[in-house]
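Written below as structure tokens is the structure these notes are about.
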Amino acid sequence: MTKITASNAVGMMESVLVRLEEPPFSQISRILIGFLLQPAVARLSTRDVAAPSLIGAFLGTLVALRILPAVLRKLLPFSQPTQTRWAERRLIAKRYDSYQWQKLLWIGIGLGSYAVLFGPAARSHIALAAICLVSGLLGLIAWRWSDGVPKRRGAQASLTHGSR
């Protein structure tokens, strides 16, 4: 049996976190986030999931998806290759809004899937899913047509998230 040490645990967590940002896991994780958002809000709310609470939870989730990785990067000792990979992705995200917007497509698929499977959903829930789907699709199209999209060569292939 292999003894699990703190460095092994960090290495395993690092591997999982890196994989979560690569296809197909990046898309699947965002679909799950969108799919679980409404039931999570319903569970935390004492009444029906109204539009303001769903939108607030949605915006809070987007903020958390930005803040939590930054906190983890500061608190945990990740390897230099992983830090470099993440720094490259952050640089691309700063340069190209469409890189971030395309992520809404997958969240919108999750929101819409939940509404279809467990409806009837309120119009506001359908509207939020539709806004995510449309803006995410436009972001994906803009990202794929972008001049700045890294070509599929070497280590940069993972940065395109399967584009081109």
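The values are calculated or read from the model by the stated rules, or taken from the named source; none is laboratory data. Since this is a predicted model, take the numbers as computed values, not measurements. In this analysis, Cβ positions are derived from the backbone assuming ideal geometry, glycine residues included, and neighbour counts consider all displayed protein chains.
Taking the conditions (1) modelled with pLDDT under 90; (2) surrounded by 15 or more Cβ atoms within 10 Å (Cβ to Cβ); (3) not in a loop (DSSP other than H, G, I, E, B) in turn, Q156 satisfies each one other than (2).
Filtered by the rule that a residue be in a helix (DSSP H, G or I) and surrounded by 13 or more Cβ atoms within 10 Å (Cβ to Cβ), the stretch 69-89 gives P69, L72, R73, T82, Q83, R85, W86, E88, R89.
Contact annotation: residue pairs with Cβ atoms under 8 Å, 6 or more positions apart or on different chains, pairing a residue in the stretch 67-93 that is of a type in the set (D, E, K, R) with a partner that is exposed (fewer than 13 other Cβ atoms within 10 Å of the Cβ), are R85/A155. Every listed requirement among (1) more than 24 Å from L138 (Cβ to Cβ); (2) loosely packed, with under 15 Cβ neighbours inside 10 Å is met by R66 save one, (1).
For A51, the requirement of being small (G, A, S), in contact (Cβ under 8 Å) with a residue 24 or more places away in the chain and farther than 28 Å from I92 by Cβ is met.
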